[in-house]
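Pasting in a structure now, in structure tokens, and then I'll have a few things to ask.
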Amino acid sequence: MIIGKVIGSVVSTRKNENLVGNKFMIVEPLKSMKMAGNLVATDNIGAGIGEVVLVATGSAARVGCGVASAPIDAAIVGIVDDCSEL
Amino acid sequence: MIIGKVIGSVVSTRKNENLVGNKFMIVEPLKSMKMAGNLVATDNIGAGIGEVVLVATGSAARVGCGVASAPIDAAIVGIVDDCSEL
Amino acid sequence: MIIGKVIGSVVSTRKNENLVGNKFMIVEPLKSMKMAGNLVATDNIGAGIGEVVLVATGSAARVGCGVASAPIDAAIVGIVDDCSEL
Amino acid sequence: MIIGKVIGSVVSTRKNENLVGNKFMIVEPLKSMKMAGNLVATDNIGAGIGEVVLVATGSAARVGCGVASAPIDAAIVGIVDDCSEL
Amino acid sequence: MIIGKVIGSVVSTRKNENLVGNKFMIVEPLKSMKMAGNLVATDNIGAGIGEVVLVATGSAARVGCGVASAPIDAAIVGIVDDCSEL
């Protein structure tokens with residue numbers, strides 16, 4: 001997983017039917033993380049813009065969030081209260 | 001997922017039989033995204049050249065788009081109407 | 001897998017229900033490794049801060065650690081006693 | 001998927017038994033692609049050295065090419081006739 | 001897959017029980033490969049230090065090597081006799 005900050009959201013009307021009902025947030029990984037550059041993650045836990053979150057990528061984002069048959073490769077899975085990277 | 005712009009398409013006559021019927025588009029990720037450099041994604045929703053799209057990668061592109069047994073690792077899964085990155 | 005050093009932990013109260021009970025550690029890959037920048041991994045074996053560990057990423061972290069339905073994409077799977085990279 | 005040029009092949013006599021019978025080609029991604037540096041891909045469609053090909057990576061290379069139980073993470077899945085990147 | 005040279009091994013006494021009995025080797029990818037920096041791979045075929053090997057990563061390393069339930073994300077799957085990269 002990586003830690004990042006929610007910096008925006010994405011609006012998409014015409015999309016894969018398995019994505020309907022999902023919220024798409026833009027996450028900027030912390031500078032110390034292995035991932036450089038932003039990604040789009042679904043939000044399963046109500047993260048708001050500005051919040052620091054834990055993001056799971058790959059098949060974990062589908063299978064681990066109860067949407068195994070949706071074309072999702074990144075999901076916000078936790079709100080970070082505290083960590084040594086902040 | 002990443003956000004990118006459709007900049008072209010790929011023509012391939014001799015290909016894996018599980019790919020027949022798919023359209024292959026070249027997508028250039030937005031500069032702010034984690035992915036640098038273009039990728040080829042199947043198009044499930046009729047994206048045209050110049051459109052800004054949401055792309056899912058990895059197993060999500062197969063399993064999440066109803067083509068679990070096709071050798072596809074990236075798929076356009078939404079047309080982006082608006083996002084803070086544009 | 002990659003080898004890294006545990007440098008901190010992450011506290012997350014509001015999180016995906018499949019993550020409850022897991023410990024999240026921040027791992028800094030050794031300089032010689034393919035991965036540049038830190039990642040967050042669950043800890044299955046009681047690694048402490050400062051310890052050098054083996055980290056598995058991707059679906060291996062879920063399926064190989066008995067938590068196939070959790071949104072986990074990285075897990076500490078061994079404590080490194082010795083290796084030529086140290 | 002990425003587009004690349006077949007620049008060589010790999011000879012391996014002692015290998016995993018699930019790999020027996022496969023051809024391994026070295027593919028150099030086009031400069032415009034997201035992947036920098038060469039990879040080794042199995043060839044399912046008879047690509048020759050010098051040909052420009054479409055390569056699928058990850059689980060798609062196994063599952064999508066009818067070799068789900070082989071340790072293959074990249075496969076040539078099409079010969080590119082034409083694309084805007086050439 | 002990528003081609004690399006075995007440059008060392010890893011000793012880990014305290015590890016995930018599904019890893020017991022595996023040998024962990026450190027592989028340095030060839031300079032021409034897409035992967036920069038070393039990785040740790042299990043060895044299924046008896047590769048020695050200094051040998052040039054083919055490494056599969058991701059789920060292919062587990063599923064393709066008969067250890068689908070082990071937390072393994074990279075495996076040596078062949079000894080390279082000859083290739084145009086050497």
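The values are calculated or read from the model by the stated rules, or taken from the named source; none is laboratory data. Keep in mind that what you see is a predicted model, and the values were worked out from it rather than measured. Using ideal geometry, Cβ is built from the backbone for each residue, glycine included, and neighbour counts are taken over all protein chains shown. Please note that ligands, DNA and RNA were not included when accessible areas were found on the heavy atoms of the full protein model with its side chains. Shrake-Rupley method; radii C 1.70, N 1.55, O 1.52, S 1.80 Å.
Which whole-Hz couplings ³J(HN,Hα) result when phi for each residue of the range A:3-8 is put into the Karplus expression 6.51 cos²θ - 1.76 cosθ + 1.60, θ = phi - 60°, listed in order with x for Gly and Pro?
For the range A:3-8, the Karplus curve yields 10, x, 10, 6, 10, x Hz.
As a test of the definition: with a 1.4 Å probe, what buried accessible area, both sides summed, do you compute for B against A, in Å² to the nearest 100? Can you show the working numbers first?
Values: alone 5140 and 5140 Å², together 8170 Å².
Interface between B and A: roughly 2100 Å².
Mind listing the label-point distances from A:Val11 to the same position on all other copies, shortest first, one decimal in nm, points 7 Å along Cα→Cβ?
Label-point distances to the other copies, shortest first: 3.8, 3.8, 6.2, 6.2 nm.
Hey, got the dipole for the protein assembly as shown? About the Cα centre, +1 on K and R Cβ, -1 on D and E Cβ, debye to the nearest 20? Don't skip to the answer; put the middle values down first.
Values: 35 positive and 40 negative charges, 17 e Å.
So the dipole magnitude of the protein assembly as shown works out to roughly 80 debye.
Right, here's the next one. Output the pairs from E:Lys5/E:Lys31; B:Lys15/D:Lys31; C:Lys23/E:Lys23; D:Lys34/E:Lys34 with a Cα-Cα distance over 18 Å in this structure; if there are none, say none. Intermediate results must be reported in sequence, preceding the final value.
Values: E:Lys5/E:Lys31 10 Å; B:Lys15/D:Lys31 22 Å; C:Lys23/E:Lys23 27 Å; D:Lys34/E:Lys34 10 Å.
Over 18 Å apart, Cα to Cα: B:Lys15/D:Lys31; C:Lys23/E:Lys23.
Follow-up. Which residue, D:Ile45, D:Ile26, D:Ile72, has the most motion in a Gaussian network model of chain D that connects Cα atoms within less than 10 Å?
Fluctuation is largest for D:Ile45.
On to the next question. Using a label point 7 angstrom from Cα along Cα-to-C-beta, what distances in nm, from shortest up, separate B:Leu86 from the other copies?
Label-point distances to the other copies, shortest first: 3.3, 3.3, 5.3, 5.3 nm.
Note down the Stokes-Einstein diffusion coefficient of chain C in µm²/s, whole number, using a Kirkwood radius over alpha carbon pairs, 4 °C, and 1.567 mPa s.
Working: Rh = 13.0 Å.
In µm²/s, the coefficient is 100.
So for chain E, averaging the separation of alpha carbon pairs under 8 Å that are six or more residues apart and normalising by length, what relative contact order in percent results?
Working: 172 pairs, mean separation 27.1, N = 86.
Computed value for chain E: 32 percent relative contact order.
Can you pull the percent of chain B's accessible area that's carbon plus sulfur, 1.4 Å probe, other chains left in place? Working shown, then result.
On the way: 1510 of 3040 Å².
Of all accessible area on chain B, carbon and sulfur atoms account for 50 percent.
With only Lys, Arg, Asp and Glu charged, each at its Cβ (+1 for the first two, -1 for the last two), find how big the charge dipole of chain E is about the Cα centre; round to the nearest 20 debye. Each step should come with its number before you reach the end.
Details: 7 positive and 8 negative charges, 63 e Å.
So the dipole magnitude of chain E works out to roughly 300 debye.
Separate question: Taking a label point 7 Å from Cα toward Cβ, how far is C:Ala68 from its twins in the other copies, in nm, shortest first?
Those separations, rounded to one decimal, come out as 0.8, 0.8, 1.2, 1.2 nm.
Choose one answer from E:Glu28, E:Glu17, E:Glu51: the residue with the largest mean-square fluctuation in a GNM of chain E with alpha-carbon springs under 10 Å.
Ranking E:Glu28, E:Glu17, E:Glu51 by mean-square fluctuation puts E:Glu17 first.
Show me, bin by bin at 5 Å from 0, the whole-percent P(r) of the range B:38-86 based on Cα pairs.
Answer for the range B:38-86: a P(r) of 5, 22, 31, 20, 15, 5, 2, 0 percent.
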